[in-house]
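Since the structure comes first, as structure tokens, the remarks are kept for the end.
No lab work stands behind these numbers, since they all come straight from the coordinates. What you are looking at is a predicted structure, and each value in this text was computed from that prediction instead of being measured.
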Amino acid sequence: MNKKNGNKADHLVLIGLGLAIGYWILESFMLVMLSNDVSFLQSLLGYDFNEILARLLVLCFFMIFASHAQFTVTQRKQADEALRQSEIKYRTIIESIQDGYFEVDTSGKFNFFNDSVCKIFGYSRDYLISKNIRQFMDELDAEKVNAAFDNAYKTKIGIGTFGFTLVRPDKSERFVEASVSLIKDSKNKTLGFRGILRDVTKRKKAEALQRAETAAEAANRSKSEFSQYEP
């Protein structure tokens, strides 16, 4: 238990003790008003064994009440602190990965993403927040993303890698591969979608260049073979 929780627990114990004393004083006043044979001090301290036992039972009741409240507050504080630490760790991991991580609502609007998403899209965090992910691509690719979201929603399982093209502010294109899964609350209600984005532009361009070179080599071989048969 940390110092703050310890102070809170001490306050609850003091409150329990204060409630017990307050009850004794109130009861003593009532007894003095109803009986002339008992002084206030006798009533407060207990004038026979049964009365002293009653005082002890009242004290035990309020101390048990305070202890239970102390336990509840401590457990809640510990749970809140564990959740806070978990969120910090989660966000630290998310921000440290090179791939883009994003969360959108059911309509496709961004509500959380890491810095890598900003780099891939070419926009600032302030600009991207609450924007719809589909507005950064052409109609055909928007349909691909929409189909992935619909499929994940209907099947309730994650969607494997699929590709689409983003249009950056300078009108350049970035080729990305993404995976999508559902975000659900404690009642299993779908709140939105989360996904991973990987910029594969360099790979796509390298593959296109390789295909072009292969095609050029094949064309040269065909031309060379054809020239051998010329008269």
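Details
- Isotropically averaged projected area of the stretch 132-231, using the convex hull of Cα atoms (one quarter of hull area), nm²: 9.8 nm²
- Its residue count N fixes a reference of 2.2 N^0.38 Å for the stretch 83-195, and the Cα radius of gyration divided by that reference is 1.06.
- Filter on K109/K154; K144/K171; K131/K205; K131/K204; K144/K204 - keep pairs with C-alpha separation over 30 Å: none
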